[in-house]
Amino acid sequence: MTKLRRMTSLQRTQQRMAVLFILPALAVYGLFVLYPLLMSLWGSFFAWKGMRTQEFAGLANFSRLFVFPSGARLYGALWHNVAWFFGIMLLQNGLGLLFAWLLFLRNRGSAFFQSVFFFPAVLSPVIVGALWRLLLAPGGIVEWALNGLGLHQGSLTVLGNSHTALGMLIAVDAWNWMGLPVLIYTAGLRQISPQVFEAAKLDGAGNARMLYSVALPLLMPALGTLTTLSFINTFNQFDIVYVMQGVQGNPSYSTDTLVTYFYRLAFGAEGAVGITDIGLALALGTMLFLVLSIGTLLMLRFFDKRTVEL
Amino acid sequence: MSAVIFPQRLARLPGWIILAVWTAAVLLPLYILVVSCFKTTAEIYDNRLGLPQSFAFDNFVRAWTRADLGHNFINSLIVTGGAVILTIVVSAMAAYPLSRYRLGWNGIMLGLFLSGIMLPIRLASVELFTLMRNLGLLDSLTGLILVYSAIRIPFAVFIFANFMRVLPSELDEAARMDGAGEARILFQIVLPMVKPAVSIVAIFTAIAVWNDFFFPLIFIFDDRYKTVPLAISVFVGQFRTDWGLVFASLAISMAPILIMYCLLARQIREGVGAGGGMK
């Protein structure tokens, strides 16, 4: 009897202590993350004048988003984000798989290569962007090297050319984050039982076949993590564009992304005068939020279904 | 085991070459960054790949004083340090009851925190700006510390809860028998047992906060409160032709991360491999 009462009093204390202990984290997280996010979603259904809400506007902001003059910017930026995602999947997560597999086949040097490959990922995208902007500038070292090797002539203007600029930014982003797929795939490969590879080897599988038919299906969780992370990161892409090409996504909006467009709408840099359109910005934010949430959930389910258990 | 898979030495050569090429692709730009710091702009053009004529610190001095990077550096240190400490303290406090008490609502509360790991908080920046303005937290390092902590709390709670859950329950029960209070059990018994979690949270919070550029761009207007990445983004435009100065300021701003990386490369590799703790 006394034991029972002690238990309930302990539980009562625990309930009280738990509230007390959780409150600081919940307050900070709720106030600075959940509250502004919910307000933004809610606010996208209102008309805005400057930073103030006016009357309820239903879906008016959303329909304005898709028509002139916003439509061209929106579809342009959306296309750049989609291209960025596939570029990263191929360049970063594809090459990363090759690097991880090569490291997995070698006992020696794995830690060294992993550390080198991952290093750019701990640098600020601002530093990475600024560094590559200097290297790729006309008169910069890449131009000098390409001219010296006879691969290119004259001034290198890849960042000023609307056909090549986006590709360059994607490559810089892949350079920045290459270490991430290498580390995640390597961790995944190490979890696969060595017997699996030995059995495949006895069946006469070569290295390429072993990677494709044996390792890859077992790497589905790693691939799922990477695809989801790349998706989220791509659709939040801002820093590299801002530092290398400016907030307009120069030249002539050819590197504009959804978040740089959002930034211009929200904080004003659309055109030289810097006019904001909060209603449009919030509608774009809500759309992006839906795209990211639904996309992430679909991807997690897709890869969950394809996970092979041994 | 790999020797079994692939016996011929020679057949390994192409693989080594591929790995060496990417190593060069990573290290060469960084090498150029470092040697260019010591060169004048004219020397950068004349002598692209070589070592500088002299290891003069002129560019560093100019970056530190004329461009006032020293000031930005201190701001970044304060914001990073503040955010790391605040995140660790409040997240450990929240994770402790959520992972070790039987409350009946652990799951829901934990889910609420975890949902924040993937939330695209940048999209809330308009309302966040209004909130910060109303709280008087624009142009304030405290404001940045609070926002960064709020963003990092979900990941930190997730890590702490995972590590604390597996500690034996006798641990706190014994301490409770001895009359220790819950705060003491957490900070003197449980937290020292989950040191790896503390270091994962500290490392990844520090990297994310030190590198962030978006929130200072929105919330900081006064030069006195600018952090390093924000200042760098201004330099790159402002001192466009003064390459030596820009290279030196890039080198200064990555120095703390470089030192940390050299010391903690193994923990960082394992942390990322375990759960993709970044981004």
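The values are calculated or read from the model by the stated rules, or taken from the named source; none is laboratory data. Keep in mind the model is a prediction, meaning the values are calculated, not measured. Reconstructed Cβ throughout: ideal geometry from the backbone, glycine too, with neighbour counts over all protein chains shown.
Figures for the structure shown
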quantity	calculated
Any hit, region B:232-246, residues being facing chain A (nearest Cβ under 7 Å), at pLDDT 90 or above and in contact with a helix residue (DSSP H, G or I) (Cβ under 7 Å, 6 or more places away or on another chain)	no
Selection status of A:Trp79, modelled with pLDDT of 90 or more and either in contact with a helix residue (DSSP H, G or I) (Cβ under 6 Å, 6 or more places away or on another chain) or part of a helix (DSSP H, G or I) (or both)	yes
Which listed residue is more than 7 Å from chain B (Cβ to nearest Cβ) and not in a helix (DSSP H, G or I), from A:Leu146, A:Leu156, A:Leu91, A:Leu97	A:Leu156
Selection status of A:Ala199, over 24 Å from A:Gly129 (Cβ atoms), out of contact with any Phe, Trp or Tyr (no Cβ under 8 Å at 6 or more places or on another chain) and assigned by TED's automatic domain parsing to the domain that holds A:Val116	yes
The one condition in (1) in a helix (DSSP H, G or I); (2) closer than 16 Å to A:Tyr29 by Cα; (3) under 22 Å from the mean Cα position of the chain (by Cα) that B:Leu119 fails to fulfil	(1)
Tabulated pairs, region B:254-273, first within 7 Å of another protein chain (Cβ to nearest Cβ), second among the charged types (D, E, K, R), C-beta under 6 angstrom, 6+ apart or interchain	none
The one condition in (1) surrounded by fewer than 22 Cβ atoms within 10 Å (Cβ to Cβ); (2) assigned to a helix (DSSP H, G or I) that B:Leu144 fails to fulfil	(1)
Inter-residue pairs, beta-carbon under 8 Å, first surrounded by fewer than 21 Cβ atoms within 10 Å (Cβ to Cβ) and in region A:88-112, second assigned to a loop (DSSP other than H, G, I, E, B), 6+ apart	A:Leu95/A:Met178; A:Leu105/B:Phe6
Helices (runs of 4 or more DSSP H) wholly inside region B:168-279 containing at least 2 residues that are surrounded by fewer than 20 Cβ atoms within 10 Å (Cβ to Cβ) and of a type outside the set (A, V, I, L, M)	B:170-177, B:195-211, B:228-238, B:243-275
Unique residue being at the interface with chain A (Cβ under 9 Å from one of its Cβ atoms), buried (at least 20 other Cβ atoms within 10 Å of the Cβ), over 18 Å from the mean Cα position of the chain (by Cα) and small (Gly, Ala, Ser) when the list is B:Ala124, B:Ala161	B:Ala124
Hits in region A:120-143 - residues which are on the phi < 0 side of the Ramachandran plot and either of a type in the set (Asp, Glu) or not in a helix (DSSP H, G or I) (or both)	A:Leu123, A:Ser124, A:Ala137, A:Pro138, A:Gly140, A:Glu143
